[in-house]
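Take a look at the structure below.
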Amino acid sequence: MSEFITKLEPNEVFIMGTNASGFHGAGAAEYAMRGTAANTWRTDEAFLRAARAPEGHPDRVGRWAVFGVGRGWQRGREGMSYAIQTIERPGVKRSTPLREIEKQFIELQTFCRAHPEWRFLMTPVGGSLSGWTEDEMAETFCLALGGGVHKAPVNLIIPMDLYGWNWSLP
């Protein structure tokens, strides 16, 4: 599970970090939008077409994400994603406070519990492009879990080595 997620089953949801504007130009969000994490959005015609398309237009719907949707539930053509806002604008590091990210992790758990028919695949949200360290993100995620992974919804799939911590159940 710790390797890069490149395929979703019909009942799986990809959890990713994003920015407030939903500009999915790098990392896991870019993969959810375009199916690549090569950071080549500047020359990708499909990505540029999505950026120019009006809100609600089919061109804004990517692989698993919707361009311009920066937070919460997103539906895509080939799958589904759930976005946690970790930065305000692309490139503006550490701009979403950890307390706000923690609240979103709590909201994610509520959403997971409301949809037991889906499996939510956790990724290292905010662990690099947002400017927060892996330890800062791990501590924030742990706080949102009530101090321990045992409180996580059963359908929230957490890689054992998420953020470099050992999240295995006791």
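Coordinate-derived values only; no laboratory data. Because the structure is predicted, anything quoted here is derived from the model rather than measured. Cβ sites come from the backbone with ideal geometry, for glycine too, and all protein chains shown count toward neighbours.
Quick look at the values:
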{"item": "Label-to-label distance, nm, for residues given as Ile106 and Glu78 (7 Å Cα→Cβ offset)", "result": "3.6 nm"}
{"item": "Neighbour-count ranking [beta-carbon atoms within 10 angstrom, fewest first] of His115, His24", "result": "His115, His24"}
{"item": "Whole-angstrom gap from region 5-40 to region 97-125, using each part's C-alpha centre", "result": "16 Å"}
{"item": "Anchor Lys103: lysines whose Cα lies under 25 Å away (excluding residues fewer than 8 positions away in-chain)", "result": "Lys93, Lys151"}
{"item": "For region 132-142, Karplus couplings with θ = phi - 60° (6.51, -1.76, 1.60), whole Hz, Gly/Pro x", "result": "7, 6, 4, 5, 4, 5, 4, 4, 5, 5, 4"}
{"item": "Relative contact order of the chain, defined on C-alpha pairs under 8 angstrom at six or more residues apart (%)", "result": "23 percent"}
{"item": "Loop-located chymotrypsin sites (Phe, Trp or Tyr not before Pro) in region 1-53 whose Cβ has at most 11 other Cβ within 10 Å (DSSP)", "result": "Phe4"}
{"item": "Longest DSSP-loop-exposure-free segment, GluC sites (Glu not before Pro), the chain, at most 13 other Cβ within 10 Å", "result": "118-170"}
{"item": "Spherically averaged projected area of the chain from its Cα convex hull (nm²)", "result": "9.0 nm²"}
{"item": "Positive-end residue of Thr36, Gly79, His57, charge dipole of region 12-164 with Cβ unit charges", "result": "His57"}
{"item": "Sequence of Val92, Val66, Val125 once ranked by neighbouring C-beta atoms within 10 Å, starting from the fewest", "result": "Val92, Val66, Val125"}
